[in-house]
Amino acid sequence: YNCSIALDVIKRFQLSTAVFAPGWVYENDPKSDFIEKQDRFWKLLSPYTSLYPAVSSLPLVSSFGRGYGHKVSIDGQVVYDGKWTNLSAQDIQPSFPDCYYRNEEKASIQLHSVDVDTSYYIPYNNGSVLSIHGSVVDTQNNIPAIVRLFKCNIPIKDNVLISYTYYCATDNIDHYLRVRISGNMKFILMSPHSFSDVSEQPVIPALSEQNQKLLHSHFTGDMLSTHWKTCYFLLKMPSEEIKGVSICIYPKPSVPEDN
């Protein structure tokens, strides 16, 4: 796990790199720890590797499936309960192996981990979820923790319908989807909640509850789930490009108690 030392020197001298023996982790460590050690190996190298767009055309669809798991779900319903492997069922993975950053001095949420989980949670689709864990450190500011998902280069030729599905284990935080676009606006925020004074960046509210139910029923054959929540947004930015997608998380403001 010290390849990063060599890559640091190689990068400083602007040389090319090739990594051989990709089976080393599997052959060297206990098989039961393979996934954890494999992720660790590549995260150590990620600061020294080039980052390319994950997708360059629509649709962009991912449930973060890794081609294996302990369950299979469709629209939040488990259809198979047991271990499985099918590498052809992989989804687009996050562009950033260490896919979050922490602004510990200013951010209101301190992130502890951002991982693709295949075992503990019931997935919404496929066999994985993107699991985000953190803790609130400051309820008085609106500086969010930001989880970067995808680097993109997607031209927008017409209005784009965007949806994302989430489950939140606590009522103490809010979140929104942030889309980085070309042009002067830079970022567009998509909010499933009512935000006020969150950001100077433009915020697109979710479609009306009735329209969301109709869309969800059309796409999935079912109404909105009470466990997983799906939000729909309409992005009207023709002639621009989607350059990135991220999630912003921050605590709900504390409500002062009555004296």
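General remarks:
- Residue match in segment 55-63 (condition: aliphatic (A, V, I, L, M), in contact (Cβ under 8 Å) with a residue 60 or more places away in the chain, part of a loop (DSSP other than H, G, I, E, B) and surrounded by fewer than 13 Cβ atoms within 10 Å (Cβ to Cβ)): no
- When restricted to residues that are closer than 18 Å to V61 by Cβ, among the hydroxyl-bearing types (S, T, Y) and modelled with pLDDT of 80 or more, segment 209-259 contains 3.
- Residue list for segment 48-61, filter: at pLDDT 85 or above and not aromatic (F, W, Y): P53, A54, V55, S56, S57, L58, P59, L60, V61
- So W42, is it of a type in the set (A, V, I, L, M, F, W, C), touching a residue at least 40 places away in the same chain (Cβ under 8 Å) and open to solvent by 70 Å² or more (accessible area, probe 1.4 Å): yes
- Applying a threshold of 6 Å to beta carbon distances and a minimum spacing of six or more residues, or different chains, the list of pairs starting in segment 110-131 at a residue that is open to solvent by less than 40 Å² (accessible area, probe 1.4 Å) and ending at one that is among the hydrophobic types (A, V, I, L, M, F, W, C) and part of a loop (DSSP other than H, G, I, E, B) reads V114/C99; V116/F64; Y124/W228; S128/F64; L130/F64.
- Matching residues in segment 137-185 - criterion: being part of a loop (DSSP other than H, G, I, E, B), of a type outside the set (S, T, N, Q) and over 19 Å from the mean Cα position of the chain (by Cα): V137, D138, I156, K157, D158, D171, G183, M185
- Candidate set from segment 77-103 (those that are more than 16 Å from V129 (Cα to Cα), among the polar types (S, T, N, Q) and in a loop (DSSP other than H, G, I, E, B)); member that is modelled with the lowest pLDDT: N103
- Within segment 1-24, residues that are over 13 Å from F41 (Cβ atoms) reach partners that are of a type in the set (F, W, Y) and open to solvent by less than 100 Å² (accessible area, probe 1.4 Å) with beta carbons closer than 9 Å, at six or more positions or on different chains, in the pairs D8/Y48; I10/Y48; K11/Y48; T17/Y48.
The values are calculated or read from the model by the stated rules, or taken from the named source; none is laboratory data. Since the model is a prediction, treat every value here as computed from it, not as a measurement. Every residue, glycine as well, gets a Cβ built from its backbone with ideal geometry; the counts of neighbours run over all protein chains shown. The area values use the complete protein model at the heavy-atom level, side chains included, leaving out ligands, DNA and RNA. Shrake-Rupley method; radii C 1.70, N 1.55, O 1.52, S 1.80 Å.
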